[in-house]
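Colleague: Right, I'll just put the structure down here and ask away after.
The numbers here are math on the coordinates, done by the rules we state, and not lab data. Here the structure is a predicted model, which is why all the values come from computation and not from measurement. As a convention, Cβ positions derive from the backbone with ideal geometry for all residues, glycine included, and neighbour counts pool all protein chains shown.
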């Protein structure tokens with residue numbers, strides 16, 4: 001029997017998900033042994049034309065990482081959806097926009113103005129030259145993809161079968177998912193989050209928790225924290241209560257607050273709303289003025305709470321003001 | 001057609017919902033713009049409910065609960081008193097005028113106050129105009145698609 005076919009793709013992403021796949025170490029040889037890898041731009045020299053030439057639904061499994069940021073990302077997402085029987089949104093960007101989704105806090109115009117005109121590293125662009133989707137020169141014409149105003153998650157543009165969260169997904173979890181699929185066991189219901197838990201990051205965190213009553217929040221550089229006590233108890237804004245478990249609490253074990261990359265836990269749709277709820281419950285103040293002065297200490301709530309999930313949050317983007 | 005604000009009101013079962021009821025049985029006139037959703041406590045109003053209301057086209061959201069000290073669950077409204085100002089900051093970050101979200105305490109005996117607050121909020125939203133968000137268009141596409 002022919003080996004099942006596997007495709008991997010990166011859309012708007014940093015390449016960390018690809019590294020995470022390789023971080024399963026020598027088990028990558030098992031993957032290569034069990035699957036016929038038919039498309040993997042970062043590692044193998046297949047072209048889009050090769051994918052277009054495949055029959056629909058001929059690819060058994062597609063692991064798709066990266067958010068949808070431009071017309072090329074979207075085109076390949078639609079193409080792979082047509083070719084793949086099972087398509088997995090792999091990593092935070094594909095699931096919920098990820099770090100690129102923070103671009104939804106501003107506009108395409110402002111991003112371009114900064115990158116191609118105002119940033120200190122732009123030495124001279126006095127003519128105001130900006131990338132064009134179509135340009136003609138003596139050698140011929142070129143087309144480049146069109147950047148979108150709003151970054152999207154994969155499931156906002158195509159039908160997604162499963163989700164594997166994380167920035168990046170942890171290698172042991174990736175192997176667990178691959179092993180499960182290879183085992184031939186019946187697949188879980190469509191829409192299931194694979195390679196993660198059903199609780200919150202706090203559930204995996206080894207730090208001791210006490211009853212929380214907070215009058216002061218600190219930014220990490222402002223305080224030397226006790227390595228054994230809950231970071232939130234110490235006034236550090238930690239995303240643990242609004243984040244799905246599955247990473248093994250890597251960050252808090254390294255004395256860094258959870259940044260929320262595993263996305264919202266089950267039954268939560270919006271990490272920012274959940275953090276507002278969680279922090280409001282532990283702020284120790286009843287007077288409006290005192291409440292406001294404590295809230296002042298929480299710097300950049302939007303960028304902190306939605307660091308990975310802005311594009312997939314309830315409101316999805318900041319309105320142009 | 002003149003703009004009629006759509007306002008979602010989350011009213012606690014024990015005080016404000018009863019207060020709204022009293023306004024009704026007392027035949028006190030008030031603006032019909034608030035669509036009331038009864039919750040067991042203002043502290044039960046998950047911030048996600050409020051964001052969802054804006055996502056689905058509300059021009060304003062008003063949360064009403066028992067006066068401080070009167071909460072049927074002792075301290076539910078003390079959570080609300082911290083949550084709403086926090087959420088105002090968050091929606092402002094999203095580019096929504098924080099005046100579109102309001103918290104008021106209305107007891108079971110304050111039918112007149114309920115009517116007053118509803119009228120005031122309706123006027124405020126009328127002055128601010130309709131809320132348009134990029135997500136509204138996307139949600140419509142989504143509905144049309146499915």
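Colleague: Would you tell me the mean number of C-beta atoms belonging to other protein chains that fall within 10 Å of each C-beta in B:86-97, as a whole number?
Modeller: Numbers: counts 12, 6, 1, 7, 10, 3, 3, 10, 13, 7, 3, 0.
Mean partner-chain Cβ count within 10 Å for B:86-97: 6.
Colleague: Shielding by partners for B:39-52, please: the mean number of other protein chain Cβ atoms within 10 Å of each residue's Cβ.
Modeller: 4
Colleague: Between residue A:48 and residue A:118, how high is the FRET efficiency from 1/(1 + (r/R0)^6) when r is the Cβ-Cβ distance and R₀ = 25 Å? Nearest 0.05.
Modeller: 0.15
Colleague: Let me check against my output: what whole-number percent is the relative contact order of chain A, with C-alpha pairs under 8 Å and at least 6 apart?
Modeller: Numbers: 598 pairs, mean separation 59.2, N = 321.
Contact order relative to length: 18 percent.
Colleague: Moving on to the next point. Take every Cα pair under 8 Å in segment B:7-145 that's 6+ residues apart, average their separations, divide by the length, and report that relative contact order as a whole percent.
Modeller: About 35 percent, as a whole number.
Colleague: Need the full-extension length gain, residue A:296 to residue A:3, defined as separation in residues times 0.36 nm minus the C-alpha distance. One decimal, nm.
Modeller: 99.7 nm
Colleague: Would you mind giving the mean number of other chain beta-carbons within 10 Å of the Cβ of each residue in A:131-140, as a whole number?
Modeller: Working: counts 0, 0, 0, 0, 0, 0, 0, 0, 0, 0.
That average works out to 0.
Colleague: Given a Förster distance of 45 angstrom, what is the FRET efficiency for residue B:119 paired with residue A:27, based on the Cβ-Cβ distance and rounded to 0.05?
Modeller: Efficiency at R0 = 45 Å is approximately 0.10.
Colleague: Then there is this: For the protein assembly as shown, state the average projected area of the convex hull of the C-alpha atoms over all orientations, rounded to one decimal in nm². Let's see the in-between values first.
Modeller: Values: hull surface 113.8 nm².
Averaging across all directions leaves 28.5 nm² for the Cα convex hull.
Colleague: Could you tell me whether segment A:201-312 comes out rounded, prolate or oblate from its Cα gyration tensor? Rule is a ≥ b ≥ c as square roots of the eigenvalues, rounded for a/c under 1.5, then prolate if a/b exceeds b/c, otherwise oblate.
Modeller: oblate
Colleague: Using only Cα atoms, what is the ratio of the radius of gyration of segment B:1-63 to 2.2 N^0.38 Å?
Modeller: 1.18
Colleague: Next question, about the same structure. Can you classify segment A:39-88 as rounded, prolate or oblate using the Cα gyration tensor, where a ≥ b ≥ c are the square roots of its eigenvalues, rounded means a/c under 1.5, and otherwise it's prolate if a/b beats b/c and oblate if not?
Modeller: rounded
Colleague: Still on this structure, I have one more. Whole angstrom only: what separates the Cα centroid of segment B:1-72 from the Cα centroid of segment A:125-177?
Modeller: 42
Colleague: Hey, what number do you get for chain B at 222 nm if only DSSP H runs of n ≥ 4 count, each worth -39500 (n - 2.57), divided across all residues, to the nearest 500?
Modeller: -14500 deg cm²/dmol
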